Amino acid sequence: MSALTALAQLRAIRDGAAQRITTVRHCHLAPRPMVFIPLRLAGETAAPLAAMVGTDPDHPRLLVVPQPRNRDLRFAFAAGLAEVLLPYVEGFGKTTETVEKKGGEPYERCLDAPQILVPNRSAAAFVALLGRSTRFRRADGPYPVHPSVPLLGRWLTYFADRSQQPGSSLLLVATEALSMHWATGQSGLEDANLAAQLGWIAPPPGMSGRRAAEEAEDPLLWPPAGPTTDPGFDNEVLGPAVRAYEEAPTDRAVERVTQALRTQLEPTWRLMWRAARLLRELPEGRRVKDRWETDRGSFTRFAERIAEGGPPQARRDGAVGAAARLAGLERARASYDVQRAYDDPLVMAEYRLTGEAFSGTVTGADPEHTEGEGRSRKLRPLITVRTEDPVRLTAGTTVGSPDRRGHAAEIVEIADGEITLKITKGMGRGKTPAPGAVPEPGERVSYTSLTDDFQSSAALPDPERTPWTHGGPPEEYVPSDDDAQEEWS
Amino acid sequence: MNRLDELRGPVPSRPHDARAIAALAANPGCARRALMDAAGVDKDRTARHLGFPAPFGQSQFAITRGNVFEALVKENGCAELLRLLRELLGLPVAQVGYQDVESVGSHLRHSHTRTLIDRAARENDDAAVFYDHPLFSLEIAGHTSYLEPDVVAFQLGGRFRIVEIKSFGVIDGQAEPEKVAAAARQAAVYVLALRTLLADLGHDPERVSHDVVLVCPENFANRPTATLVDVRKQLAVLKRQLARMTRVDRLLEGLPQGLTFDLAPDPDGVPTRSAEDLAGALSQVPARYAPDCLSTCDMCMFCRDEARGCGSTDLLGRQVRDQLGGVSLMTEALGLAEGTVEPAEGQEEVARLLRLADRLREECLN
């Protein structure tokens, strides 16, 4: 939250419409994403009630558990979900490209990867729980399930894990993706309601965003996007339908529950595709492709792990695994923040507001300026930039620029809105700078102390060498019969 | 007539429930809520009558699930609970007594709780006892409020522990943080109430442990698991909030004569007072709306509408308000940003920031 976003929110209220807070889209949006809207039985931790899922806006697949407390019906639901999700996911594993790695073996990477869209953060959390409750099951033994169920569990766990990673778009949370690009006239808490948020962003013709958002809060018009259902619906519609099924589990009783749940899911289904369309209409940021490439790499590695018959993800990370994961998340966060700022002047503006970046016009340039004598003589072009931004950088700071890739400079002097910079990188190897490498007088430039330099991963011991302070080497995880037979009541 | 009774009208007072207590810690500065709670006004009914019902329904599935789980834990005189406590606390207890305080009439429950706790603290014997459905009281804003916690108090050798039974799942040792936080906040209230009671009876209040026992279903099964939750932090927050709360008598002093939130129900209990008139009466007492109210207070929709009406920056939450340098009106903040409002003394810094933000947005979007 910055003053820029706060100001955009005030404008949203005054104008009755959401305001853009970015100039480009910062998440990948697949040409054919899979929308997944799960519902859970109220009061239960992970009892699926229904889900609407699919890649075709006109043909959603509706999966229903007519008696959510029945274990067999739950596993039937999981198998039904696997039937939709697994072919979609596995389809991407078929076409790959060979990536040449500097100083390493070339490897294969999938040309594209699946993308799952869920309505809100709770839905993503539910994906994780659903994954946790199915990935340890087995197709043989005392309580056999369909072989697709444990596989589904591992994929769901993978997607939920990945959604924690800043910048990853494999599992996209609609409300979060929208609030990254638009400021609405309501609080963050209220933005978690997809219908209300979309009301602000794209109200129906002739209606103000505020009015549309108010209307969207009525659960009769816009049922909650899940996973929790509307209590009124539970008590008046779903409860009697489930009881009727219990008394006589006929096709008609199943149909009654199905129809009831369809009314709760269809409005959200339409909203999800609207959200996808709105996001797609935004021009894509330059580095979105790079991040999607990372996603594709991660997806490929996980698909390989499954193909090689690796065990399901453990219940909990060991000490070293947890530290590595955390360090990875921190690096991803830092790099994602910088990349967004480099891709988007409006995001960079937040750093200009705090004085970590500035934009201005070049007023003078000395492109052939050198430093040192003889063999150590180096080309160090100087430029001066005039800015009105409140710069809080000091002489000696290294800065980069979103205008030129590989360009780096050092601040020499700051005086009265005139900043002298010495260019240190990105002007070629010649005696004179490469054409266009040094900004010319009159040019508009931006510089910032944020840099997305490569950060090596944290130095951590091998898991077998976990120090005693962290519990010593963890026991290797071996999937047990107990895990496979765990109660799901 | 007592001024609080007058505010409520001729209907029985409503006791503080768990949600009221949670709201207390979340938003102690709200005079409207403080007064309505102190007077025991039925806020849910009031909000409904005003045409702003709160969005807090409870699903029959959730209620059933909660009841089934609680019954399971308390079955056979809390036998399952004893097993859990034995393992968790390493207690050498073979047998346990069970006292259901609810067995006496509701008007006697508070004094009955007192007597039982006093006896236990005095006798100090080795017998372990569960007290189910105790009724505590707590001084809130200079007014005694009765609490009916959905908890069990456990006593062994004159030392007490609060046991809270919740039906949210603990998966591989982890539960939803918000739910645990809410449970800890509530449990802290009960620890404080029990400590106050002991102090009142002349015993050492520290006999009530600050580690409460949280009983939840484990993983995806119905089997309960118990965890100790340290509520010292929540206790400290609660004590500070209670001490800081404007005393209700001071709030009452400023009220206009004859002000009442009475719904004037007819013999069938149907409110006869006009919603408009009631809204007018409520607006005499200032509220402090924040988006958090939407999950804690029955009056939230009414207060939000009011905050919208006067264009308060509170609507967007504290984070936004902080970014706006604490400017309370939206028109003022926008005016400062666009240069149509002259900054008042002390506002120069935030005005400079907002003007810059405005310039940057213009530059990037046009």
R0 = 51 Å: FRET efficiency of residue B:79 with residue A:59, Cβ-based, nearest 0.05?
0.45
Given H placed 1.01 Å from N in the peptide plane, which residues other than close sequence neighbours of residue A:425 have an amide H under 5 Å from its amide H?
A:408
Magnitude of the Cβ-charge dipole (Lys and Arg +1, Asp and Glu -1) of chain A about the Cα centre, nearest 20 debye, reported as 820
Kirkwood Rh in Å, taken over all unlike Cα pairs in region B:318-365:
10.7
Work out from phi, with θ = phi - 60° and the Karplus expression 6.51 cos²θ - 1.76 cosθ + 1.60, the ³J(HN,Hα) of each residue of region A:293-303, listed in order in whole Hz, and give x for Gly and Pro.
4, 4, 4, 5, x, 4, 4, 4, 4, 5, 4
Approximate spin-label separation residue B:119-residue A:83, in nm, with each point projected 7 Å along Cα-to-Cβ
6.3
Strictly greater than 25 Å: what percent of every Cα pair in region B:60-230 meets that?
29
What full-extension length gain, to one decimal in nm, is calculated for residue B:233 and residue B:67 as 0.36 nm per residue of separation minus the Cα-Cα distance?
56.8 nm
Per-pair calculated FRET efficiency, R0 = 45 Å: residue A:189 and residue A:108 via Cβ, rounded to 0.05:
0.55
Mind checking region A:389-480 for trypsin sites (Lys or Arg not before Pro) that DSSP puts in a loop (not H, G, I, E or B) and that have at most 15 other Cβ atoms within 10 Å?
A:392, A:405, A:429, A:431
What ³J(HN,Hα) values, in whole Hz, does the Karplus curve 6.51 cos²θ - 1.76 cosθ + 1.60 give for region A:307-324 when θ = phi - 60°, with x put for Gly and Pro?
4, 7, x, x, x, x, 4, 5, 4, 9, 6, x, 4, 5, x, 5, 5, 5
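Over the Cα atoms of chain A, Rg to Rh with Kirkwood Rh, two decimal places?
Reported Rg/Rh, Kirkwood definition of Rh: 1.04.
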So what's the gap between the Cα centers of region B:334-356 and region A:1-76, to the nearest angstrom?
39
Quick one: net charge around residue A:58, please, counting Lys, Arg +1 and Asp, Glu -1 for every other residue with C-beta under 15 Å from its C-beta.
+4
Percentage of interatomic Cα-Cα distances in the protein assembly as shown larger than 49 Å:
30
Go through region B:159-173 residue by residue and turn each phi into a ³J(HN,Hα) via Karplus (6.51, -1.76, 1.60, θ = phi - 60°); whole Hz please, and just put x for glycine and proline.
10, 10, 9, 8, 10, 10, 9, 10, 9, 7, x, 10, 9, 6, x
Taking a crude spin-label model, label points 7 Å out from Cα along the C-beta direction, the residue A:371 to residue A:293 distance in nm is 3.1
Greater than 26 Å separation of Cα atoms is the criterion. Which listed pairs, B:74/B:239; B:43/B:233; B:179/B:239; A:94/A:289; A:101/A:289, meet it?
B:74/B:239; B:43/B:233
Peptide-level mean, for B:216-228, of C-beta atoms on other protein chains within 10 Å
3
Candidate lysines for bridging to residue A:431, where Cα separation is under 21 Å - those fewer than 8 sequence places away on the same chain excluded
A:378, A:422
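Values quoted throughout were computed directly from the atomic coordinates according to the rules given, and no laboratory measurement underlies them. Quick caveat: nothing in here was measured; it's all calculated off a predicted structure. Glycine also receives a Cβ, built like all others from the backbone with ideal geometry; neighbour counts cover every protein chain displayed.
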